[in-house]
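Values quoted throughout were computed directly from the atomic coordinates according to the rules given, and no laboratory measurement underlies them. Computed from a predicted structure; not experimentally measured.
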């Protein structure tokens with residue numbers, strides 16, 4: 001079986017709505033990102049920061065993205081979303097490599113992120129690239145269900 005190809009590129013203005021749609025689809029799953037439905041697609045698209053956003057595209061469709069929000073203190077915060085059907089197919093690894101390369105090119109000294117403690121696939125991906133646990137926020141996120149979820153803070157010195 002041949003894997004369907006995908007490519008990475010910097011996000012541009014036409015990606016705003018497709019990025020918001022992937023974000024909303026991941027939010028619908030209610031377990032990988034902080035957002036939960038309903039996601040206002042238009043508002044999310046309008047608020048998207050494109051600088052530092054890299055998209056994964058297959059057959060002309062946005063299938064995932066990673067965003068590095070660079071601070072004025074030399075570190076960047078990472079956020080990532082990948083369409084469910086594309087997980088486990090190398091998209092996360094490719095996006096992570098691109099984000100690390102982007103951060104180094106911008107002169108950042110560190111990348112950081114938060115991940116839900118139950119997100120085994122995310123934790124494995126981040127550890128694969130050298131991220132280490134720096135802390136845990138206990139019962140940090142209140143979910144619509146009323147549950148309180150822990151997040152793990154991770155960092156990578158570049």
* To do: Name the most mobile residue of 34, 146, 135, meaning the one with the largest mean-square fluctuation, in a Gaussian network model of the chain with Cα contacts below 10 Å.
  => 146
* Report the equivalent ellipsoid semi-axes for the stretch 41-98 in whole Å, largest first, defined as the square roots of five times the eigenvalues of the gyration tensor built from alpha carbon atoms. => 21, 16, 9
* Structure fact -> Share of Cα-Cα pairs in the chain beyond 28 Å, whole percent, is 17 percent
* Structure fact -> For the stretch 103-158, averaging the sequence separation of alpha carbon pairs under 8 Å that lie six or more residues apart and dividing by its residue count, the contact order in percent is 46 percent
* Can you give the extra length, in nm with one decimal, that the chain gains between residue 97 and residue 137 once fully stretched, where that is 0.36 nm per residue apart less the Cα-Cα distance? -> 11.8 nm
* Structure fact -> From DSSP H assignment alone, runs of 4+ in the chain each adding -39500 (n - 2.57), the sum over residues rounded to the nearest 500 puts [θ] at 222 nm at -8500 deg cm²/dmol
* Alpha carbons only, please: Rg and Dmax for the stretch 73-158, in angstrom. => 13.7, 42
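Given 37 °C and 0.692 mPa s, compute D for the stretch 1-62 with the Stokes-Einstein relation, Rh being the Kirkwood radius over Cα pairs; round to the nearest whole µm²/s.
262 µm²/s
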* Structure fact -> Percent relative contact order for the chain, counting Cα pairs under 8 Å at least six residues apart, stands at 19 percent
* Asked: What whole number of Å gives the distance from the Cα centroid of the stretch 85-125 to the Cα centroid of the stretch 1-20?
  -> 16 Å
